[in-house]
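First the structure, in the form of structure tokens, and then the observations on it.
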Amino acid sequence: MTEYEQFADSYITFMQEAEANPTDMSVLTKSADMLKQAADMANRAKDCEGDASMLPRLQKIQAKLQSAVQ
């Protein structure tokens, strides 16, 4: 879950950078990396399915992501 939170923080930073400078070519490179990391996180999340003890932390991370992209 710590790695997912770190990914979420990286994603928020990436989105802020992309919004601030959408013509920066490094955004394309970073987006490919972010997609790869997102796929990895999705695969690893399957290991946590059904573990109710992780739900509060997951909800907190999801709320942080959601507020950052609004």
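The values are calculated or read from the model by the stated rules, or taken from the named source; none is laboratory data. Not measured: the values here are computed from a predicted model. Don't worry about glycine lacking a Cβ; one is built from the backbone with ideal geometry, like all the others, and counts go over all protein chains shown. With ligands, DNA and RNA removed, areas are computed over all heavy atoms of the protein, side chains included. Shrake-Rupley method; radii C 1.70, N 1.55, O 1.52, S 1.80 Å.
Kindly establish whether Gln37 is farther than 15 Å from Gln6 by Cβ, free of Cβ contacts under 8 Å to residues at least 40 places away in the same chain and polar (S, T, N, Q).
Working: farther than 15 Å from Gln6 by Cβ: no; free of Cβ contacts under 8 Å to residues at least 40 places away in the same chain: yes; polar (S, T, N, Q): yes.
No; evaluated as a whole, the condition is false for this residue.
Among the residues of region 17-32 satisfying the criterion of being assigned to a helix (DSSP H, G or I) and hydrophobic (A, V, I, L, M, F, W, C), which is most open to solvent (accessible area, probe 1.4 Å)? Steps first, please.
Looking only at region 17-32, we keep the residues that are assigned to a helix (DSSP H, G or I), and these are 17-20, 26-32.
Remaining after also requiring hydrophobic (A, V, I, L, M, F, W, C): 18, 20, 27-28, 32.
Details: Ala18: 21, Ala20: 84, Val27: 24, Leu28: 108, Ala32: 61 Å².
Among those that are assigned to a helix (DSSP H, G or I) and hydrophobic (A, V, I, L, M, F, W, C), it is Leu28.
Does Ala63 satisfy being surrounded by 10 or more Cβ atoms within 10 Å (Cβ to Cβ) and at pLDDT 90 or above?
Details: surrounded by 10 or more Cβ atoms within 10 Å (Cβ to Cβ): yes; at pLDDT 90 or above: yes.
Yes.
Just to be sure I understand, how many residues within region 45-59 are exposed (fewer than 12 other Cβ atoms within 10 Å of the Cβ) and either small (Gly, Ala, Ser) or closer than 16 Å to Gln6 by Cα (or both)? Spell out how you get there, then give the answer.
Filtering region 45-59 for residues exposed (fewer than 12 other Cβ atoms within 10 Å of the Cβ) gives 46-47, 49-53, 55-56, 59.
Then keep just the ones that are either small (Gly, Ala, Ser) or closer than 16 Å to Gln6 by Cα (or both); that gives 50, 52-53, 59.
Number of matching residues: 4.
Search region 7-26 for residues that are closer than 23 Å to Ala42 by Cα and pair each with any residue that is among the basic types (Lys, Arg) and modelled with pLDDT of 90 or more when their beta-carbon atoms are under 7 Å apart and the residues are at least 6 apart or on different chains.
The qualifying pairs are Ala8/Lys64; Phe14/Lys30.
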